[in-house]
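Undergrad: Encoded as structure tokens, here's the structure I'll be asking about.
The values are calculated or read from the model by the stated rules, or taken from the named source; none is laboratory data. Computed from a prediction, not measured in an experiment: that's the story for all the values here. Glycine also receives a Cβ, built like all others from the backbone with ideal geometry; neighbour counts cover every protein chain displayed.
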Amino acid sequence: MQPSWIALLVGGIVINNFVLAKFLGLCPFFGVSKRSSDALGMGMAVTFVMTLASLVTWIVYQFFLLKHEITGHNLFHMWGLVGPAADLQWLKTLTYILVIASLVQVVELVLKKTVPALYRALGIYLPLITTNCAVMGVVLLNTTDWQGGPEAPLSLVLTLVQGAAAGIGFTMVMLLMSGIRERLARSNVPPTMRDLPIAFITAGLMALAFMGFAGFGKVFGI
């Protein structure tokens, strides 16, 4: 049974937040959350990649990798590239990485041309979106790892909703974390706890706070 778009939207943003509930994408979460402007730029870039990657990987999975029960073959078989009734789901990791890497290259080129200051501020963390496990987690959840099973992935519309919701949730916690770290930078934090140590503690407390949204899952059927 396909969930409602409201359930996926609320779930991706707060209930099943990929950073604070699933603990994915922690590298940019800690690395680019010192300033709100950088956090917003990273969040928007990740949201763009998540949404577009969800769309492209859904199409690739449905029409190239998945063996269709009605036709008995996928497009690769129609073109004579593979044998009859071939199931190419074992290629999903490789194809998904290629799709994500291509989208990240597009984001890099656009930011370098239009917002060079943000491009320099994001630094190495921008190309690392390619290996951001949160992005890979979203596209896998949309297709093979959905509760309906690999033969019943989310619909295209719900896939886009979940990809966008995951990106919005990522951006939200990035901004929350950057706001807290900006205040901590002006606070009297003990030297041994400055920067990453206090950031880890803060992230743990934020994750505990977000557990309070778990009860909303019953309301939305998550």
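Table: residues versus (1) in contact with a Phe, Trp or Tyr (Cβ under 9 Å, 6 or more places away or on another chain); (2) under 23 Å from Lys22 (Cβ atoms).
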| position | (1), (2) |
| --- | --- |
| Leu98 | no, no |
| Ser102 | no, no |
| Val107 | yes, yes |
| Leu111 | yes, no |
| Leu126 | yes, yes |
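Undergrad: If you don't mind, there's one more thing I want to ask. Note down all Cβ pairs under 7 Å where the first residue falls in segment 1-20 and is closer than 24 Å to Ser33 by Cα and in contact (Cβ under 8 Å) with a residue 40 or more places away in the chain, the second is surrounded by fewer than 21 Cβ atoms within 10 Å (Cβ to Cβ) and of a type in the set (D, E, K, R), and they're at least six residues apart or on different chains.
TA: From segment 1-20, the pairs are Asn16/Lys22.
Undergrad: Which one of Thr47, Thr57, Thr51 is in contact with a Lys or Arg (Cβ under 9 Å, 6 or more places away or on another chain), in a helix (DSSP H, G or I) and at pLDDT 85 or above?
TA: Thr57
Undergrad: Taking into account only those residues within segment 98-113 that are in contact (Cβ under 8 Å) with a residue 12 or more places away in the chain and of a type in the set (Val, Ile, Thr), which is nearest to Met50 (Cα to Cα)?
TA: To start, the set of residues in segment 98-113 that are in contact (Cβ under 8 Å) with a residue 12 or more places away in the chain comprises 99-101, 103-104, 107-108, 111.
The next check asks that each one be of a type in the set (Val, Ile, Thr); those that pass are 99-100, 104, 107.
Working: Val99: 11, Ile100: 8, Val104: 10, Val107: 12 Å.
Per the criteria, the residue is Ile100.
Undergrad: Also, quick follow-up: Identify, please: which residue in segment 189-213 is in contact with a Leu (Cβ under 7 Å, 6 or more places away or on another chain) and touching a residue at least 60 places away in the same chain (Cβ under 8 Å) and is, among those, farthest from Lys22 (Cα to Cα)?
TA: Ranking the qualifying residues of segment 189-213, first place goes to Met206.
Undergrad: Modelled with pLDDT of 55 or more and over 22 Å from Leu160 (Cβ atoms): which single residue out of Leu88, Leu98 fits that description? Talk me through it step by step, then tell me what you get.
TA: On the way: Leu98 fails: over 22 Å from Leu160 (Cβ atoms).
That would be Leu88, the only listed residue that is modelled with pLDDT of 55 or more and over 22 Å from Leu160 (Cβ atoms).
Undergrad: Show me the helices (runs of 4 or more DSSP H) found entirely inside segment 133-222 where at least 2 residues are at pLDDT below 90 and closer than 16 Å to Leu24 by Cβ.
TA: Because the criterion is at least 2 residues that are at pLDDT below 90 and closer than 16 Å to Leu24 by Cβ, the helices (runs of 4 or more DSSP H) in segment 133-222 that meet it are 133-142.
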